[in-house]
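Asks: Right, I'll just put the structure down here and ask away after.
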Amino acid sequence: MSTPTVYALHENPEWFPPFARAFEAEGIHVEEWLLTDGVLDLDAVPPEGIFWSRISASAHTRDHGLSKDYARSVLSWLEAHGRRTVNGRRVLEMEMSKVDQLTALRAAGIDTPRTVAAVGRDQILAAAKEFEAPFILKHNQGGKGLGVRKFESHGELADYVASEEFEEPVDGITLVQEFIVAAEPFITRAEIVGGEFIYAIRADTARGGFQLCPADACAIDPVTGRPVMPPGATIAPDADTQLFSLREDFDSPVIAKYLDFARRNGIEVCGIEFIEAADGRLLTYDVNTNTNYNAAVEAVAPRSAPRALARYLAGLAGQDA
């Protein structure tokens, strides 16, 4: 009997080549389902196979505003037919909501930054009242650092909210969050595949600011072809400077917490980001369920994350055969 096909559900072809190469290297047949728009016949029966979802909360920034709801429909259809989904319907909702992520992290006993959600633009100033400046805003449904801004005063915030520069979040929910002073200017992202910790990457916040997408396509302005100066950066990036590096021999009790968190929430592929604060706290602030991998990190990592993912999906397909 042949091994069932792995179906990759996504909306951004620019992010897929590293995964395609990994599947090819492992000799695994993968079919891409590009969920930008289309037709879904509810009377049809899905093909046999393993269905891996990597739909992103930032899909609307690539003019793929239909992808999230299309993916919800497709995953509901697949799961109703008993198909094996990886990062399925429930996990998609966590990808779409930082409120969902933060409440789930806290329920698992993982420390997160102080956060208040403002539902509607008119509620942002009220949500910020309890925060001492500086503090930050971010979009609940984001990715790529969407809507992240630092404010030095409540007056500055009031001016921004009343201005034409205000960035309306796609779901109408804005988070007000404490600004964390890092012990050193970097954050860490722990990559998990199939219940295993693969490696940790260090991301330079001095040059990367609030936009720390590790995919190569995120680092370059498509118009100018030059590195982007992200919001929150204090040093201009240049083409010869890597924002991401392997955090070698990283060993922390938080990894065991992350593995348990992922298992309890059915998250099979993710990158979880945290910051080590100057006051000694380790604060987790983001769960990426459509995680990308950086080529420079992959070149020196003890094992490849895309290859680990390909092998994991192949193992599920073998079990399903």
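The values are calculated or read from the model by the stated rules, or taken from the named source; none is laboratory data. Bear in mind the structure is a predicted one, so any value in this text is a computation, not a measurement. Virtual Cβ from ideal backbone geometry, glycine too; neighbours counted across all protein chains shown.
Asks: Output yes when any residue across region 138-146 is touching a residue at least 12 places away in the same chain (Cβ under 8 Å), under 17 Å from the mean Cα position of the chain (by Cα), surrounded by 14 or more Cβ atoms within 10 Å (Cβ to Cβ) and not in a loop (DSSP other than H, G, I, E, B), and no when none is. I'd like the intermediate steps shown before the answer.
Replies: Of region 138-146, the ones touching a residue at least 12 places away in the same chain (Cβ under 8 Å) are 138-146.
Filter once more, so that each one left must be under 17 Å from the mean Cα position of the chain (by Cα): 138-146.
This time we only want the ones that are surrounded by 14 or more Cβ atoms within 10 Å (Cβ to Cβ), so: 138-146.
Now restrict to residues that are not in a loop (DSSP other than H, G, I, E, B): 138-139.
Yes, some residue in region 138-146 is touching a residue at least 12 places away in the same chain (Cβ under 8 Å), under 17 Å from the mean Cα position of the chain (by Cα), surrounded by 14 or more Cβ atoms within 10 Å (Cβ to Cβ) and not in a loop (DSSP other than H, G, I, E, B).
Asks: Can you confirm whether region 56-69 contains a residue that is touching a Leu at 6+ places or on another chain (Cβ under 7 Å), in contact (Cβ under 8 Å) with a residue 24 or more places away in the chain and under 22 Å from residue 314 (Cα atoms)?
Replies: No: region 56-69 contains no residue that is touching a Leu at 6+ places or on another chain (Cβ under 7 Å), in contact (Cβ under 8 Å) with a residue 24 or more places away in the chain and under 22 Å from residue 314 (Cα atoms).
Asks: Considering only residues that are surrounded by 20 or more Cβ atoms within 10 Å (Cβ to Cβ), of a type outside the set (Val, Ile, Thr) and either touching a helix residue (DSSP H, G or I) at 6+ places or on another chain (Cβ under 6 Å) or outside the structural domain of residue 33 (by TED's automatic domain parsing) (or both), which ones fall in region 72-91?
Replies: 75, 88
Asks: Answer yes or no as to whether residue 44 is surrounded by fewer than 20 Cβ atoms within 10 Å (Cβ to Cβ) and either at pLDDT below 95 or not in a helix (DSSP H, G or I) (or both). Give the steps one after another, and end with the answer.
Replies: Values: surrounded by fewer than 20 Cβ atoms within 10 Å (Cβ to Cβ): yes; either at pLDDT below 95 or not in a helix (DSSP H, G or I) (or both): yes.
Answer is yes for this residue.
Asks: Looking only at region 76-88, decide whether some residue is within 30 Å of residue 136 (Cα to Cα) and at pLDDT 95 or above. Full working, then the answer.
Replies: Of region 76-88, the ones within 30 Å of residue 136 (Cα to Cα) are 87.
Going one step further and asking which of them are at pLDDT 95 or above, we end up with 87.
Yes: one or more hits.
Asks: Does residue 170 fit the bill of being out of contact with any Gly (no Cβ under 9 Å at 6 or more places or on another chain) and buried (at least 20 other Cβ atoms within 10 Å of the Cβ)?
Replies: The answer is no for residue 170.
Asks: If residue 266 satisfies every condition in (1) in contact with a helix residue (DSSP H, G or I) (Cβ under 7 Å, 6 or more places away or on another chain); (2) at positive phi; (3) at pLDDT below 95 but one, which is the exception?
Replies: If we test residue 266 against (1) in contact with a helix residue (DSSP H, G or I) (Cβ under 7 Å, 6 or more places away or on another chain); (2) at positive phi; (3) at pLDDT below 95, just (3) comes out false.
Asks: Let me ask something additional. Any idea how many residues of region 239-279 are without any contact (Cβ under 8 Å) to a residue 24 or more places away in the chain and either in a loop (DSSP other than H, G, I, E, B) or among the acidic types (Asp, Glu) (or both)?
Replies: So the count comes out to 5.
Asks: Would you check if there is a residue in region 277-289 being at pLDDT below 95, among the hydroxyl-bearing types (Ser, Thr, Tyr) and either surrounded by 18 or more Cβ atoms within 10 Å (Cβ to Cβ) or more than 26 Å from residue 183 (Cβ to Cβ) (or both)?
Replies: No, that holds for no residue.
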